[in-house]
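The values are calculated or read from the model by the stated rules, or taken from the named source; none is laboratory data. Note that the structure is a prediction, hence the values are computed from the model and not measured. Here the Cβ positions follow ideal geometry from the backbone for every residue, glycine too, while neighbour counts run over all protein chains shown.
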Amino acid sequence: MTTVGFLYPGHSAEDDYPRIEMLLSRDVRLQVVHTDIGEDAHRVDALLEMGAAERLAAGVEEVRLAGAESVVWACTSGSFVYGWDGAHEQTRALATAAGLPASSTSFAFAHAVRALGASRVAVAATYPADVTAYFGVFLKAAGIEVVADRASGVVTAAEVGTWERDQVIALARAGDHPDAEAVLLPDTALHTAGYLPELEEAVGKPVLTANQVTVWEGLRLAERKVWAPALGTLFASRV
């Protein structure tokens, strides 16, 4: 049994994780531990507080007790707002607190883009424009070119969590660009696990979504390879 722990802020689209677990090998367990979201706002000061070390550390004991082999901070905006160096320090602190290999959704996106062999991406974000721009800066630091970005201006994770299939597919289409080799949907508050094949069909290229890459990253850290093509191109090879 491979168990991966996820620190997920609040309650929005955490049901993506049991849905993903059902599509993985029977001996993979995804353990979600909720952290205190504080103020639910896609605003830089609120996101910095959401990702503070003490908030993440509060959830590590439950992750350890679950027998996790790795832990991922399942929040994109609450990691990339710290910048490349700050996000590294955030995951180092998490790894120290948990005594486990650790990462975050922001780094998961960077690693997943590289795993696909891509270098140019389009970002289709639910966030306001200023927060979306922080993600672009983070990706640039990872050596990834953002050829287009779309900001939807949604302020709260609670609202994002209510988006349904047609809205998610429309977001991916609206954010795509002909020069992009992949489309990135960066919000872990957005339900995407049930729509990944449709998303890729809609844009005709790989689509990386926040909860999808977060699970992939946790498995990568645990050195567990899983084939699950229903979860998109990222899971369609045993790498």
Of the candidates Pro186, Pro178, Pro197, the one satisfying the condition of being surrounded by fewer than 17 Cβ atoms within 10 Å (Cβ to Cβ) and touching a Leu at 6+ places or on another chain (Cβ under 9 Å) is Pro197
What pairs can you find where one residue is in region 150-172 and buried (at least 16 other Cβ atoms within 10 Å of the Cβ), the other is assigned to a helix (DSSP H, G or I) and β-branched (Val, Ile, Thr), and their Cβ atoms are less than 8 Å apart, with a gap of 6+ or different chains? Arg150/Thr132; Ala151/Val131; Ala151/Thr132; Val154/Val160; Ala172/Val203
Would you be able to say whether some residue in region 123-133 is more than 17 Å from the chain's Cα centre (by Cα) and among the hydrophobic types (A, V, I, L, M, F, W, C)? yes
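Per-residue answers, yes or no, for (1) among the aliphatic types (A, V, I, L, M); (2) under 18 Å from Cys75 (Cα atoms):
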{"position": "Leu199", "(1), (2)": "yes, no"}
{"position": "Ala210", "(1), (2)": "yes, yes"}
{"position": "Val213", "(1), (2)": "yes, yes"}
{"position": "Glu217", "(1), (2)": "no, yes"}
Just checking, which of Gly204, Gly218, Gly161, Gly175 is within 26 Å of His11 (Cα to Cα) and more than 16 Å from the chain's Cα centre (by Cα)? Gly175
Residue ID - modelled with the lowest pLDDT, chosen from residues in region 222-239 that are within 17 Å of Asp27 (Cβ to Cβ) and either of a type outside the set (Gly, Ala, Ser) or surrounded by 23 or more Cβ atoms within 10 Å (Cβ to Cβ) (or both): Arg238
Does region 46-98 hold any residues that are polar (S, T, N, Q) and either closer than 19 Å to Asp36 by Cβ or surrounded by fewer than 19 Cβ atoms within 10 Å (Cβ to Cβ) (or both), and which are they? Thr76, Ser77, Ser79, Gln90, Thr91, Thr96
